Amino acid sequence: MTQTTIEIQDLVVRFGRFTAVDGLNLTVREGELFGFLGPNGAGKTTTIKVLIGCQRPTSGRVRVAGYEIPAEFERVKSVFGYVPDTENHIEEFTGRENLELYARLYEIPLAAVTDVLRKLELLDAADVLVRAYSKGMRRKLLIAREIMHTPRILYLDEPTANLDVHSTALVRQLLRELGEQGVTVFLTTHDMEEVEQICDRVAILSRGKLVDCDTPTNFVTRHVQRVVDAQFERDGEVVRESLQLDTDEQRERLAHIIRHERCVTVHSQEFNFHDVFLKLTGQAYT
Amino acid sequence: MDPPIQLVLTAPNEAISPMMVRLPMLQVLIGRELKRLQKNPSALLMLGLLSAIALLMATSKPVQEAGPPKAKGFWIYYDKETPWLAHLKEHPLNDPPVHVLSQDQIQNVDARGRPVFAPGHCGIAVKHQVKDGQETAVIVAQFFGKSPDILYPFWNWFWPEVAKFQTPELNILPFNVPMAGRALSLEETPLSELVKTELVGTLLLLIVMFFTCCHLQVSFTSQDRERGTLTALVLSPARLSEIMLSKYIFHLTLSLLGCVAVIAIMQPASLLSPVLWIVVVLTSIGLMSVGTCIATLTKTQAAAALLALCYMLAGSLLFYLSTKFSGFMLIRRAAFENYSFLLLYHALKGPLSLGQASGLVTMSGLVAVWIGLARTTFYRYGWR
């Protein structure tokens, strides 16, 4: 039995005439690392804002951890953590002071601050004003703040933006660990490598509508064009044929070429998740 | 697409109202505001500067009243025509002027039917009583200010004039009564009379309150909004009511401390005036509500600061225009600062009882309207 943590039914969000989210249906299970993808303006951030109670839906039903959103906003708040795409620290405070404020608000021991700073490799800069932090450090401090109270759900809007290679790996590892501990991770990203590496399931959104939702592996399996390029010599010339292996006729043709022609090269066209994303959204993402 | 999932949605049932306030949470939030103030040296500098100005004003005594106050006129009003009153009509005092008229001729009366005089004028009521064949004329001289000495010019003229009419059948009995208990007619106070130490004190109090409750609060709240720290706070277990209340308590405390400093330096006798503190608290809350609306309806800190400044300038302009054009008086009466200014001035000038402080109820009503507006805008737009 799998428990559903996030349930979205027929969600519509309109801003005047513009429809940001158009009839979205989605369920996310407990402990799942869920990727939410889409080109700019697809409605990802709006959906997250609805989930955290910052945006009132035009219609539809949203339940998070059993609570109706936005009706039970006050009750659901302590259940989740939210890492926005823009950092929102108190610049005049040190990293430690920022975290201590939230530790007091969440009524957790101040020792948790040091623990989380160590986990995010920020302990050395803990007593430096946030104003002096680099973008990457601010991002990590934001993640530290939102995981400090061990939320059941963690929403992240582009968590690894502005992070260096080492910090990116650190955050991804952290997210995996959180998933193993049963925390539901709901993240948006433009990094396809990240999606393939850490997400259990992925939903692709385009113009406010859900295009598809599946595991990254299934996505590639279902959506790649299985094409083989074969080059062979015939009458002294090199001939090139591209064969889509979706039909028996094409597969027999490939077998024929390999058995009866003088093959120069035979190679498959490798598709990855990036190509699937472009195919599904019908446009290049930015 | 999605595999079949069995929904098990559980949630505790206890009700949480966004209006509920928890004391520990308030303490954390007020501590946050205090820490932010400590990290803003310019705000501390401004508060220090205002206290220094108050000290300078108090020690230099910029405007002092020369000698005891003088009456601008005396109004004798009677219930019955008598020969000695007719005599007084024919031989009036000219400086200051004495007017003699019957009770029915007085048109400007308060809700209880008592005559109302312009500031600086004294009323002399003459009431006749007949008992055992002897007629007694009771003279009740109502004086303004603290001392009946102001009536000397009147008595010096009055007694010689009526002496020849005083017979065993007619007894003239004088009483000096301060104009206590009569509600102050705030709008009748001319600005020219206000340029005194009390005025400087009033202005400094208003500046302190505007700075701490409006400008500083607008600055902090709009900075919170612009940086997204307010959203982060609202998404934490802190409730909207707690966040708003913590801001109010913090800035009100700051305002009260500033006002205590100004009053202690400029007019220490007024420190125990309940009316003064009621007006200070009401004005501070009103200004904080105005500040909350400004911070909520603007996108950036710079825009909010400019709008707060515009509000202050517009208020000053309105106050000035209302002294020139009667049409602006209606708008002025709808501003709680109008009542703040005059009540603060009178409370600083001398003892003022709650009964005398007319306008306090209207001011409370106007402040309540602003609180309602601030709450609605903050809850709806303030943190999103």
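FYI, it's all coordinate maths here, none of it is from the lab. Keep in mind that what you see is a predicted model, and the values were worked out from it rather than measured. Virtual Cβ from ideal backbone geometry, glycine too; neighbours counted across all protein chains shown.
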**Study point:** Cα-projected label distance for B:LYS39 with B:LYS324, points at 7 Å along beta-carbon direction, nm
**Key:** 4.6 nm
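Kindly provide the helix-only [θ] at 222 nm of chain B, computed as the sum of -39,500 (n - 2.57) over DSSP H runs of four or more divided by all residues, to the nearest 500 deg cm²/dmol?
Estimated from H runs of four or more residues: -17000 deg cm²/dmol.
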Revision key, fill the gap. Computed over region A:225-270, the Cα gyration tensor eigenvalues, each multiplied by 5 and square-rooted, give semi-axes in Å (largest first) of 18, 12, 7
Practice item. Using packing as a proxy for protection, rank B:100-112, A:29-41 so that the peptide with the highest average count of other Cβ atoms within 10 Å comes first. Key: A:29-41, B:100-112
Review point. Based solely on its DSSP helices, what 222 nm [θ] is calculated for chain A when runs of n ≥ 4 H residues each add -39,500 (n - 2.57) and the sum is averaged over all residues, nearest 500 deg cm²/dmol?
Key: -10000 deg cm²/dmol
Revision key, fill the gap. Assertion target for A:ARG152, A:ARG63, ordered by fewest C-beta neighbours within 10 angstrom first, is A:ARG152, A:ARG63
Exercise for review: Over 21 Å between C-alpha atoms is what I'm after, so list which of A:LYS135/B:LYS299; A:LYS119/A:LYS140; A:LYS135/A:LYS279 land there.
Suggested key: A:LYS135/B:LYS299; A:LYS135/A:LYS279
Check your understanding: Could you give P(r) for region A:4-221, binned at 10 Å from zero, as whole percent values over all Cα-Cα pairs?
Key -> 8, 34, 36, 19, 3, 0
Study note, to complete from the structure: Lys and Arg at +1, Asp and Glu at -1: neighbours of A:LEU33 with Cβ under 12 Å from its Cβ sum to -3
Exercise for review: Would you order B:VAL262, A:VAL228, B:VAL21 from fewest to most other beta-carbon atoms within 10 Å of each residue's own beta-carbon?
Suggested key: B:VAL21, A:VAL228, B:VAL262
Exercise for review: Measure off 7 Å from each Cα along the Cα-to-Cβ vector at B:LEU317 and A:GLN231, then give the distance between these two points in nanometres to one decimal.
Suggested key: 7.9 nm
Point to revise | 13 Å Cα-Cα reach of B:LYS80 towards aspartates and glutamates, excluding residues that sit fewer than 8 places from it in its own chain | key: B:ASP104, B:GLU135
Point to revise | Residue of A:ASP248, A:ASP200, A:ASP229 that the Gaussian network model of chain A assigns the largest fluctuation, springs spanning Cα pairs under 10 Å | key: A:ASP248
Check your understanding: How well do other chains shield peptide A:104-117, expressed as the mean number of their Cβ atoms within 10 Å of each residue Cβ?
Key -> 2
Review point. Which entries of A:LYS49/A:LYS209; B:LYS131/B:LYS164; B:LYS89/B:LYS324 show an alpha-carbon separation above 27 angstrom in the structure shown?
Key: B:LYS89/B:LYS324
Check your understanding: Dipole of region A:46-158 (Lys/Arg Cβ +1, Asp/Glu Cβ -1, origin at the Cα centre): which of A:SER59, A:ALA103, A:LEU129 lies farthest to the positive side?
Key -> A:SER59
Exercise for review: Grab the beta carbon distance between A:SER268 and A:ARG14, set R0 = 35 Å, and tell me the FRET efficiency rounded to 0.05.
Suggested key: 0.20
Practice item. Rank-order B:330-337, A:179-186 by packing density, defined as the average count of other C-beta atoms within 10 Å over each peptide's residues, highest first. Key: A:179-186, B:330-337
Point to revise | Ranked list, fewest to most other Cβ atoms within 10 Å of each Cβ, for A:GLU7, B:GLU135 | key: B:GLU135, A:GLU7
**Study point:** Student exercise, chain B dipole from Lys, Arg, Asp, Glu Cβ charges, in Debye to nearest 20
**Key:** 1320 debye
Check your understanding: What residue among B:PRO268, B:PRO119, B:PRO24 shows peak mean-square fluctuation when chain B is described by a Gaussian network model with Cα springs under 10 Å?
Key -> B:PRO24
Practice item. Pop a pseudo-label 7 angstrom from the Cα along the beta-carbon direction at both B:ALA334 and A:THR217 and give the gap in nm to one decimal. Key: 7.0 nm
Exercise for review: Take the Cβ-Cβ distance between B:MET20 and B:VAL177 as r, set R0 to 41 Å, and report the resulting FRET efficiency rounded to the nearest 0.05.
Suggested key: 0.15
Exercise for review: Just need the relative contact order of chain B here, percent rounded to a whole number, with Cα pairs under 8 Å and 6+ apart.
Suggested key: 19 percent
Exercise for review: Taking the Cα centre of region A:35-148 as origin, work out the dipole magnitude from +1 charges on Lys and Arg Cβ and -1 charges on Asp and Glu Cβ, in debye rounded to 20.
Suggested key: 460 debye
Revision key, fill the gap. Within 10 Å of the Cβ of an average residue in A:85-91, the count of other chain Cβ atoms is 5
Check your understanding: Roughly how many debye, to the nearest 20, is the charge dipole of region A:225-270 about its Cα centre, given +1 on each Lys and Arg Cβ, -1 on each Asp and Glu Cβ, and no other charges?
Key -> 100 debye
Review point. Between rounded, prolate and oblate, where does region B:254-384 land on the alpha carbon gyration tensor, with a ≥ b ≥ c its root eigenvalues, rounded for a/c under 1.5, else prolate if a/b exceeds b/c?
Key: prolate
Practice item. Count, for each residue of B:238-244, the Cβ atoms from other chains sitting within 10 Å of its Cβ, then give me the mean as a whole number. Key: 2
Exercise for review: Taking a cut-off of 21 Å between Cα atoms, list the lysines near B:LYS35, but don't count ones fewer than 8 places away on the same chain.
Suggested key: B:LYS247
Review point. Which one of B:ALA86, B:LEU173, B:PRO160 is farthest out on the positive end of the charge dipole of region B:73-182, using unit charges on Cβ (Lys, Arg +1; Asp, Glu -1) and the Cα centre as origin?
Key: B:LEU173
Study note, to complete from the structure: Per GNM of chain A with C-alpha springs under 10 angstrom, the most fluctuating residue out of A:ARG253, A:ARG118, A:ARG172 is A:ARG253
